[in-house]
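The block underneath contains the structure these notes are about, expressed in structure tokens.
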Amino acid sequence: GFLGYNWKMGYDFAKLTENLEMNQTYNSNFLQGELYRSFKRDDAFTGKWGNSVADVEEGWHAFPWDCLLAGDNSVWWWTSWGCDYIPFNPDLSISNMGRWFFESLEETRSGPGRLLLNAGRVESPIAILYSHRDMFAAALLGQMADGQPWSGDARFTGTHQALLRALRDAGYQYTHLAFDDVEAGGLSPEEHRVLILPLATCISDEMAQALRSYVEAGGTLIVDGRAGILSGQGRIRDDRPL
């Protein structure tokens, strides 16, 4: 159950989730859920905890569907004891939260819900760069130019999340690619027709060459004004690589 996500947390999702048999986050942490969806192992146990966005009737009814439509294979309660957010009362009768949740859960066990349980996700040919080093760069730039709309790790994750929501609102799906995979040339226009580099401050020479090859082969690259200010090691560049 990941809490906050910033440069001090150490969560490089590309490296973390490929080694985990179980991945969980809170259903209010949209970005984290999308990151582990891209990098999780095929046999991974995945799911979300209900929290503030599920602690009302509409939330508990939506909670199992939210996990199902995100591709998760489990749904989690934060706690089963105490007085808050519990499925059962101390006398073991079902609480209102439990009743709302189990009603929705039953819906996912039949009809369209059951079809979705066995369905595969159809991705749009859109890839988005995930680079943990760019979060570190954003944190450093926040110290150098505090208050600018592009500075700070919170703005880095906020911008990334806004991009994902914009793509979804436009009717597209997407997948993330890790920095190391793009740098190694693991990108082809046949599989990903578009690659987006959100706030990609750190671009190595090897990645720049891989991106050129990708575009020359017919791929479309979308970048913003920050791309390549720093090298792959975070050093200031004299010349922009793209």
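The values are calculated or read from the model by the stated rules, or taken from the named source; none is laboratory data. In this text the structure is predicted, and so the values were computed from the model without any measurement. Cβ placement follows ideal geometry from the backbone for every residue including glycine, while neighbour counts extend to all protein chains displayed. Keep in mind that these areas ignore ligands, DNA and RNA; they rest on the heavy atoms of the full protein, side chains included. Shrake-Rupley method; radii C 1.70, N 1.55, O 1.52, S 1.80 Å.
Rounded to the nearest Hz, the phi-derived 3J(HN,Hα) couplings of region 75-90 under the Karplus curve 6.51 cos²θ - 1.76 cosθ + 1.60 (θ = phi - 60°) are 9, 10, 9, 5, 7, 10, 10, x, 10, 10, 6, 10, x, 10, 6, x, where x marks glycine and proline.
Here the Kirkwood formula, the inverse mean of 1/r across different C-alpha pairs, assigns region 128-242 a hydrodynamic radius of 14.5 Å. The Cα atoms of region 42-162 give a gyration tensor whose axes a ≥ b ≥ c have a/c of 1.5 or more with a/b no greater than b/c, which makes the shape oblate. Residues whose amide H comes within less than 5 Å of that of I94, counting only those at least five positions distant or on another chain, are N89 (H built at 1.01 Å from N in the peptide plane). By accessible area, using a 1.4 Å probe on protein heavy atoms only, region 1-153 has 56% of its surface on carbon and sulfur.
Quick one: Kirkwood hydrodynamic radius for region 140-199, alpha-carbon pairs, angstrom, one decimal? Each step should come with its number before you reach the end.
Numbers: mean 1/r = 0.0742 Å⁻¹.
With all distinct Cα pairs of region 140-199 included, I get 13.5 Å.
Above 15 Å lies some portion of the pair distances; for region 13-72, what is it as a whole percent of all C-alpha pairs?
Roughly 45 percent, rounded to a whole number.
On a per residue basis, region 11-98 carries 51 Å² of accessible surface, using protein heavy atoms and a 1.4 Å probe.
Give the peptides 98-104, 26-32, 110-116 in descending order of average Cβ contacts within 10 Å, highest first. Walk me through the intermediate numbers first.
Values: 98-104: 17.4, 26-32: 19.1, 110-116: 11.6.
Ranked by mean Cβ neighbours within 10 Å, highest first: 26-32, 98-104, 110-116.
For F45, the residues whose amide H sits under 5 Å from its own are M22, N23, ignoring neighbours fewer than 5 places away on the same chain, with H placed 1.01 Å from N.
The charge dipole of the chain, taken about its Cα centre with unit charges on the Cβ of Lys, Arg, Asp and Glu (plus for the first two, minus for the last two), comes to roughly 280 debye. With a Cα-only, solvent-free Debye model of the chain, what are the log10 I(q)/I(0) values at q = 0.08, 0.12, 0.13, 0.16 Å⁻¹? The Cα Debye sum returns log10 ratios of -0.37, -0.76, -0.86, -1.17.
Can you tell me which of 139-149, 200-210 comes out highest on packing, and rank the rest after it, using the mean Cβ neighbours within 10 Å?
Numbers: 139-149: 12.6, 200-210: 20.3.
Ranked by mean Cβ neighbours within 10 Å, highest first: 200-210, 139-149.
Computed from Cα atoms, the angle from the helix 132-144 axis to the main principal axis of the chain rounds to 70 degrees.
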